[in-house]
């Protein structure tokens with residue numbers, strides 16, 4: 001009989017949890033006491049997908065005929081600063097990409113310097129976390145090549161992408177877009193800093209003059225208007241410490257799905 | 001008509017066979033041990049995970065409430081299904097508009113536009129009370145969806161392993177050849193139409209329509225759900241690009257994911273109706289304690 005009672009108690013407890021989850025979703029969906037369940041999901045996804053991708057496979061590439069018209073821009077469509085405006089009207093002649101942080105040889109490259117480097121062109125599918133997807137052609141410099149040229153220091157673990165666009169206007173500048181990857185994705189051959197789209201210069205709405213393409217992750221990881229790539233050993237000194245603009249606002253840092 | 005033996009034990013309703021194998025001939029008010037612990041536990045966990053998957057999935061859907069066919073789809077591309085909030089040209093009132101294959105349905109109050117507790121219209125494909133979280137929060141919805149997907153898959157793996165190793169699938173789910181004869185199937189369909197409660201020997205096992213329905217859900221719908229969900233992951237398809245070909249592109253996979261989710265909801269509705277028909281107390285008890293009362297054959 002003892003077992004039956006404990007089983008009944010278990011069933012009752014289970015139904016209570018189920019009922020409270022379902023009826024009180026609004027209150028409970030972001031309850032700190034349930035956060036561990038969501039963290040478990042994030043941990044499982046990262047671990048499982050890293051295992052699945054251990055051979056560093058490439059994402060499927062499409063033909064030119066499959067490029068979709070009117071690729072929708074997302075996030076900022078034109079950075080709202082004087083600095084950006086002046087750079088834009090001079091056709092980004094004054095733009096410089098800085099690669100610094102935990103590297104032996106920091107780099108500072110103009111757009112022409114970048115275009116003079118060996119380029120990579122890929123026609124890939126862009127997946128927004130909202131559910132839509134589009135196919136575009138991207139031309140740029142593999143990030144791994146730049147990082148190898150700059151020579152990473154032994155403790156380097158992440159690359160942080162600093163952007164020119166302020167997605168939310170704030171007094172303290174915490175609304176500037178930024179993103180980060182670890183070296184597993186940063187060194188992938190299809191991870192590029194793109195200056196060209198669909199055979200032309202990258203449009204302003206898509207992040208001119210330079211944006212990140214990280215094809216095995218969801219849209220918000222693909223930082224636009226990238227001006228600085230900082231190599232670091234930890235992410236906690238940027239923004240709210242979660243590794244990106246959207247990550248600081250409750251989105252997953254690893255967004256492989 | 002077959003006449004079953006009368007059970008000489010007057011108080012048989014309190015007796016429980018020691019093992020599932022200890023079967024008596026159809027007898028009055030016999031209680032059998034119908035569902036194993038593994039089936040009962042995975043069943044209720046599955047229900048919890050599926051509810052949370054559905055609710056968080058609907059919240060994700062609300063962020064782009066349109067479905068497409070093929071490789072791509074976004075605002076401006078013709079969709080096969082969409083839910084929108086539009087403004088009435090005359091009154092300016094919000095109208096919920098659902099479009100399916102070119103046919104427009106006004107769905108104000110349910111889809112596209114719903115009303116909050118104060119009767120104020122709220123734009124959004126699925127109403128807030130049906131989604132997780134019950135308002136804006138795509139990051140949170142995705143967190144819940146993927147966490148529940150993992151728990152669902154782990155729970156499903158336990159169920160599949162148990163079903164295969166214990167013989168549950170072989171004994172209880174796979175229909176016998178005799179059950180698949182057209183005559184038997186037709187008779188079972190007729191039993192369902194007239195909401196007939198099974199009695200005696202027939203109540204000891206799942207009927208053939210039930211077996212087929214469970215097998216479709218377990219071996220077709222739920223795997224399609226998982227695989228079409230994985231097809232939306234750019235990381236998973238980097239390693240398993242054939243998933244695109246299996247579903248006909250990422251947006252087709254998303255559409256199939258949505259259709260399969262609807263079919264699972266439809267299954268649950270029918271399942272609950274059947275529980276009511278078969279007797280809610282008896283079936284609920286059997287899914288909680290495992291014990292199921294067999295109603296005697298008619299004519300006793």
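In the set A:78, A:60, only one residue is in a loop (DSSP other than H, G, I, E, B) and either crowded, with 16+ Cβ neighbours inside 10 Å or touching a strand residue (DSSP E or B) at 6+ places or on another chain (Cβ under 7 Å) (or both); that residue is A:60.
Only residues that are facing chain A (nearest Cβ under 7 Å) and either part of a helix (DSSP H, G or I) or touching a strand residue (DSSP E or B) at 6+ places or on another chain (Cβ under 7 Å) (or both) were counted in segment B:238-260, giving 6. Among the residues of segment A:104-140, the ones that are over 17 Å from the mean Cα position of the chain (by Cα) and away from every other protein chain (no Cβ under 14 Å) come to 19 in all. Residue-level check: of (1) in contact (Cβ under 8 Å) with a residue 40 or more places away in the chain; (2) loosely packed, with under 14 Cβ neighbours inside 10 Å, residue B:155 misses just (2). Among the residues here, residue B:77 does not qualify as outside any loop (DSSP other than H, G, I, E, B) and at pLDDT 95 or above.
Would you confirm whether or not segment B:218-225 contains a residue that is within 14 Å of chain A (Cβ to nearest Cβ), surrounded by fewer than 18 Cβ atoms within 10 Å (Cβ to Cβ) and in a helix (DSSP H, G or I)? For segment B:218-225, residues within 14 Å of chain A (Cβ to nearest Cβ), surrounded by fewer than 18 Cβ atoms within 10 Å (Cβ to Cβ) and in a helix (DSSP H, G or I): absent. Taken together, B:157, B:147 contain a single residue that is at pLDDT 95 or above, over 28 Å from residue A:242 (Cα atoms), within 14 Å of chain A (Cβ to nearest Cβ) and within 22 Å of the chain's Cα centre (by Cα), which is B:157. The set of residues in segment A:207-257 being closer than 13 Å to residue A:193 by Cα, within 14 Å of another protein chain (Cβ to nearest Cβ) and part of a loop (DSSP other than H, G, I, E, B) consists of A:214, A:215, A:222. Given the condition free of Cβ contacts under 8 Å to residues at least 60 places away in the same chain, more than 22 Å from residue B:145 (Cα to Cα) and over 18 Å from the mean Cα position of the chain (by Cα), answer yes or no: does some residue in segment B:221-238 qualify? So far as segment B:221-238 goes, no, none of its residues is free of Cβ contacts under 8 Å to residues at least 60 places away in the same chain, more than 22 Å from residue B:145 (Cα to Cα) and over 18 Å from the mean Cα position of the chain (by Cα). Scanning segment A:102-156 for residues that are surrounded by fewer than 16 Cβ atoms within 10 Å (Cβ to Cβ) and at positive phi yields one hit, A:151.
Could you please find all residues in segment A:228-246 being closer than 23 Å to residue A:205 by Cβ and either buried (at least 19 other Cβ atoms within 10 Å of the Cβ) or not assigned by TED's automatic domain parsing to the domain that holds residue A:197 (or both)? Correct list: A:229, A:244, A:245, A:246. When the helices (runs of 4 or more DSSP H) confined to segment A:89-197 are screened for residues that are modelled with pLDDT of 95 or more and touching a strand residue (DSSP E or B) at 6+ places or on another chain (Cβ under 7 Å), those reaching at least 3 such residues are found at A:111-116, A:143-150. Checked against (1) surrounded by fewer than 21 Cβ atoms within 10 Å (Cβ to Cβ); (2) within 21 Å of residue A:218 (Cα to Cα), residue B:68 passes all but a single condition, namely (1).
Considering only segment A:43-80, state which residues are more than 10 Å from chain B (Cβ to nearest Cβ), in contact with a helix residue (DSSP H, G or I) (Cβ under 9 Å, 6 or more places away or on another chain) and more than 15 Å from residue A:218 (Cα to Cα). Within segment A:43-80, A:76, A:77, A:78, A:79 qualify.
Filtering segment B:199-209 down to residues that are out of contact with any strand residue (DSSP E or B) (no Cβ under 9 Å at 6 or more places or on another chain) and part of a loop (DSSP other than H, G, I, E, B), which residue is surrounded by the most Cβ atoms within 10 Å (Cβ to Cβ)? Among those residues, the one meeting the criterion is B:207.
Kindly evaluate residue B:139 against the criterion of being at the interface with another protein chain (Cβ under 8 Å from one of its Cβ atoms), within 28 Å of residue A:254 (Cβ to Cβ) and modelled with pLDDT under 95. Against the criterion (at the interface with another protein chain (Cβ under 8 Å from one of its Cβ atoms), within 28 Å of residue A:254 (Cβ to Cβ) and modelled with pLDDT under 95), residue B:139 does not qualify. Just checking, does segment A:90-98 include any residue being surrounded by 18 or more Cβ atoms within 10 Å (Cβ to Cβ), within 14 Å of another protein chain (Cβ to nearest Cβ) and within 21 Å of residue A:203 (Cβ to Cβ)? No, that holds for no residue. Counting the residues of segment A:27-42 that are at pLDDT below 95 and facing chain B (nearest Cβ under 7 Å) gives 2.
The values are calculated or read from the model by the stated rules, or taken from the named source; none is laboratory data. Not measured: the values here are computed from a predicted model. Reconstructed Cβ throughout: ideal geometry from the backbone, glycine too, with neighbour counts over all protein chains shown.
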